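First up is the structure itself, then whatever we jot down about it.
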Amino acid sequence: MPFQIAIDGPVAAGKGTVSRIVAQRLGFLYIDTGAMYRMAAYLAHKNGVSFEDEGKIVELINNAQMEMENPDEDEQDGRLITLILNGEDVSWKVRTEEISQGASIVSTHPKVRQVLVEKQQQIANGQNVVMEGRDITYRVLPDAQLKIFLTANPEARATRRLLQLQLKGFDVTLNNILTEINERDERDMGRSADPLQIVDDAWQLDTSNLEIEEVVEEIVKKAKELQAKNNS
Ligand code: DC
């Protein structure tokens with residue numbers, strides 16, 4: 001039986017960084033599902049298709065080759081994952097504000113979600129994984145042995161995101177980021193198709209006053225305890 005860790009949470013709660021390190025420590029596969037919605041938005045943008053055009057976006061996804069890989073040695077530029085879309089490295093191109101908002105819009109479409117959830121379930125099938133997103137705990141991996149809702153207050157999230165983006169040379173301010181975070185959170189939680197929600201059996205972890213390393217340690221400890229219990 002594979003051991004699966006499902007992590008949901010709002011924008012910039014630290015899901016990516018935490019999931020990546022937890023996966024490394026446990027030797028599990030890390031899957032960033034937000035990256036797939038971002039690639040869908042990038043495809044739409046590149047092809048001049050509106051983020052609202054559900055049918056065309058599904059068609060673009062169905063004809064696209066989306067690859068997610070661990071960064072190589074020559075790709076150690078702060079990225080958590082390397083994204084290759086139809087042969088093009090889009091790892092950073094999907095992190096702009098425009099594509100972030102686009103991903104949030106594209107992800108409101110039920111048919112887009114259906115196609116991407118299916119892909120996510122295929123990738124995770126039979127594997128030990130740490131998978132993060134918005135609907136992982138109840139839609140993509142409802143049988144995950146460890147479910148986590150990772151969150152932090154808006155100020156902590158905005159400050160972390162600001163540092164990350166400034167390091168990459170993006171021209172952003174704290175105010176821009178707070179506005180973006182609020183808009184995306186409202187859309188991600190308010191949509192009718194599989195909105196972000198806290199399931200009853202999720203462990204709620206508020207990271208506002210914790211260092212990344214502390215969050216990682218807590219999760220790894222819990223995962224090891226559960227794994228030992230399952231194996232006994
Ligand atoms: O995690 P992220 O910020 O990279 O995700 C980008 C957008 O994709 C986010 O605003 C909502 C959407 N998303 C989703 O609807 N379901 C997921 N499982 C992951 C992301």
Next on the checklist: 5 Å is the cut-off here: which amide hydrogens, built 1.01 Å from N in the peptide plane, fall below it relative to A144, excluding neighbours closer than 5 in sequence?
Outcome noted: none
Checklist outcome for this item: Note: D171 to D206 extended length (0.36 nm per residue) minus current alpha-carbon separation gives 9.8 nm
Item to check | Integer Hz, Karplus 6.51/-1.76/1.60 couplings in order for region 43-50, x for Gly and Pro | outcome: 4, 4, 4, 5, 9, x, 9, 5
Item to check | Calculated from backbone phi, Karplus (6.51, -1.76, 1.60) coupling profile of region 189-196 in Hz, x at Gly/Pro | outcome: 8, x, 5, 7, 8, 6, x, 4
Next on the checklist: Please compare each pair in K119/K221; K15/K119; K46/K147; K46/K222; K93/K147; K46/K111 to a cut-off of 32 Å on the Cα-Cα distance and tell me which ones are over it.
Outcome noted: K46/K147; K46/K222
Checklist outcome for this item: So E67 and I198, fully extended at 0.36 nm per residue minus their Cα-Cα distance, gain in nm 44.3 nm
Checklist outcome for this item: By the Cα gyration tensor axes a ≥ b ≥ c (a/c under 1.5 gives rounded; else a/b larger than b/c gives prolate, otherwise oblate), the shape of region 1-117 is prolate
Checklist outcome for this item: In the chain the DSSP beta bridges are antiparallel at a rate, in percent to nearest 5, of 25 percent
Checklist entry - Based on the alpha-carbon gyration tensor of the chain and its eigenvalue square roots a ≥ b ≥ c, which shape applies: rounded if a/c is under 1.5, prolate if not and a/b is larger than b/c, or oblate? => result rounded
Checklist entry - Long-range amide H contacts for W203: which residues qualify at under 5 Å (H placed 1.01 Å from N, peptide plane, sequence gap of 5 or more or a different chain)? => result K147, I148, F149
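Full extension from T179 to T17: what is 0.36 nm times the residue separation minus their Cα-Cα distance, to one decimal in nm?
Stretched fully, the T179-T17 segment lengthens by 56.1 nm.
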Next on the checklist: Rounded, prolate or oblate, given the Cα gyration tensor of region 58-139, with a/c below 1.5 counting as rounded?
Outcome noted: oblate
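Please give the calculated 222 nm ellipticity per residue for the chain, where each DSSP H segment of at least 4 residues contributes -39500 (n - 2.57) and the sum is spread over every residue; nearest 500 deg cm²/dmol?
For the chain, the value works out to -15500 deg cm²/dmol.
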Checklist entry - Where does each of H109, H45 land when they are ordered by accessible area, with a 1.4 Å probe and the largest first? => result H45, H109
Item to check | Label point distance in nm, K222-E88, each placed 7 Å from Cα along Cα→Cβ | outcome: 3.9 nm
Checklist entry - Got a sec to turn the phi values of region 132-149 into Karplus ³J(HN,Hα) couplings, 6.51 cos²θ - 1.76 cosθ + 1.60 with θ = phi - 60°, whole Hz, x for Gly and Pro? => result 10, x, 10, 10, 6, 5, 10, 10, 7, 10, x, 9, 4, 6, 10, 10, 10, 10
Checklist entry - Nearest 20 debye, what's the magnitude of the dipole of the chain about its Cα centre given +1 on Lys and Arg Cβ and -1 on Asp and Glu Cβ? => result 360 debye
Item to check | Nonlocal amide H pairs with G133, under 5 Å, H built at 1.01 Å | outcome: I7, D8, G9
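The values are calculated or read from the model by the stated rules, or taken from the named source; none is laboratory data. From a predicted model like this one, the values you see are computed outputs, not experimental measurements. So basically every Cβ, Gly included, is an ideal-geometry build from the backbone, and we count neighbours across all protein chains shown. These accessible areas exclude ligands, DNA and RNA; they are computed on the full protein's heavy atoms, side chains included. Shrake-Rupley method; radii C 1.70, N 1.55, O 1.52, S 1.80 Å.
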